[in-house]
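S.K.: Here it is, the structure, as structure tokens.
Every read-out reported here was derived from the displayed coordinates using simple, explicitly stated rules and does not represent laboratory data. In this text, all values refer to a predicted model and were calculated from it rather than measured experimentally.
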Amino acid sequence: MIISEQDIINAICIDQSGKKPVQPEDVEVELMYDDDNDFTAEAYISGMKYELQTIHLIEALRLWIDEILGKNPYAGIELVLDDEEGIIAIVNGEN
């Protein structure tokens, strides 16, 4: 299964809204990749910037896979930088 960049962003919005007193639509997310820090994101909530590392992105995806897709949240998740699709997640063993 492939999770699109937009769905990764949606997963982060849902995850962050569960940790802060805001709605998912009140969270803005920018995904990033660089060779030094791997995959990261910046989440903006009520004017505050939160820097998220790869582990936080995976944590948000596990929540999304479990709660939204109803699939195994402990499936193997690999973040990939795709030339055409941007940052995507490949999920293996999601049954």
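S.K.: For the chain, what is the relative contact order in percent, using Cα pairs closer than 8 Å and at least 6 residues apart in sequence?
M.R.: Here the relative contact order equals 29 percent.
S.K.: From zero outward in steps of 10 Å, how is the percent of C-alpha pairs of the chain spread across the bins?
M.R.: All Cα pairs, binned at 10 Å, distribute as 17, 51, 28, 3 percent.
S.K.: Can you give the Rg and Dmax of segment 1-42 based on its C-alpha atoms, in angstrom?
M.R.: Rg then Dmax for segment 1-42, in Å: 11.4, 33.
S.K.: Percent relative contact order of segment 5-47, based on C-alpha pairs within less than 8 angstrom and at least six residues apart? Before the final figure, lay out the partial values.
M.R.: Values: 45 pairs, mean separation 13.1, N = 43.
Contact order relative to length: 30 percent.
S.K.: For GLU5 and LYS19, calculate 0.36 nm times their separation in residues minus their Cα-Cα distance, and state this gained length in nm to one decimal.
M.R.: In short, 2.9 nm is gained.
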